[in-house]
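Working notes for the structure below.
Just so it is clear, none of the values below were taken in a lab; they were calculated from the coordinates. What you are looking at is a predicted structure, and each value in this text was computed from that prediction instead of being measured. When we count neighbours, we look across all protein chains shown, and the Cβ atoms used for this are built from the backbone with ideal geometry, even at glycine.
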Amino acid sequence: MEQYSKKVMDHFFNPRNVGVIEDADGIGEVGNPVCGDIMRMYIKVKDNVVTDIKFQTFGCGAAIATSSMVTELVKGKTLKEALRITNKQVAEALEGLPPIKMHCSNLAAQGIKAAIDDYKKKHGIK
């Protein structure tokens, strides 16, 4: 069995910011057909800052943990700062992921980008 850090286990068993934002300003959905993980990210934006973020993830423990961690990293950041968050930063914030699970951190970073892209499209921002 692969070893997960205590931080990964904490975010898996006690995920932060789970749920739906009914009146979300942006929604991003990403998936990995190979492993079957699906993530949906919801963001609220005010004055170009992510004021709230929630997620729904159907997937393995690492997918849930990376979704949870990315919401913690993004909340309170400007859209520009949020777009700069990488899968490597997500994995580092979780004190590492097994190599076979690094794709989960990619999904989490892509989910944020997809939600911000959706927000920009809805508000006519280039």
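Can you return the lysines within cross-link range of Lys7? Criterion is Cα-Cα under 18 Å, with same-chain partners fewer than 8 residues away left out. Hits, sequence-local ones excluded: Lys88, Lys101.
Within the listed set Pro33, Pro98, Pro15, the Gaussian network model of the chain (springs between alpha-carbon atoms below 10 Å) gives the highest mean-square fluctuation for Pro33.
Restricting to Cα pairs below 8 Å that are 6+ residues apart, what does the relative contact order work out to for the chain? Please round to a whole percent.
Worked out over the chain, it gives 31 percent.
Within straight-line reach of Lys46, meaning a Cα separation under 26 Å, sit the following lysines at least 8 residues removed in sequence or on another chain: Lys54, Lys75, Lys77, Lys80, Lys113, Lys120, Lys121, Lys122, Lys126. Working note: Cα atoms of region 6-121, range along each principal axis, descending, whole Å: 37, 25, 23.
Taking Ile100, Ile43, Ile85 as the candidate residues, the one with maximal mean-square fluctuation in a Gaussian network model of the chain, Cα springs under 10 Å, is Ile100.
Exposure proxy ranking for Asp10, Asp47, based on other Cβ atoms within 10 angstrom of each Cβ and starting from the fewest, stands as Asp47, Asp10. Mean-square fluctuations from a GNM of the chain, with a 10 angstrom spring cutoff on Cα atoms, peak among Lys46, Lys113, Lys77 at Lys46. Estimated at 0.36 nm per residue, the fully extended path between Met102 and Asn14 surpasses their Cα-Cα distance by 29.7 nm. Modelled label positions at Lys126 and Gln3, each set 7 Å beyond Cα in the direction of Cβ, lie 5.1 nm from each other. This model, with +1 at the C-beta of Lys and Arg and -1 at the C-beta of Asp and Glu, gives the chain a dipole about its Cα centre of some 340 debye.
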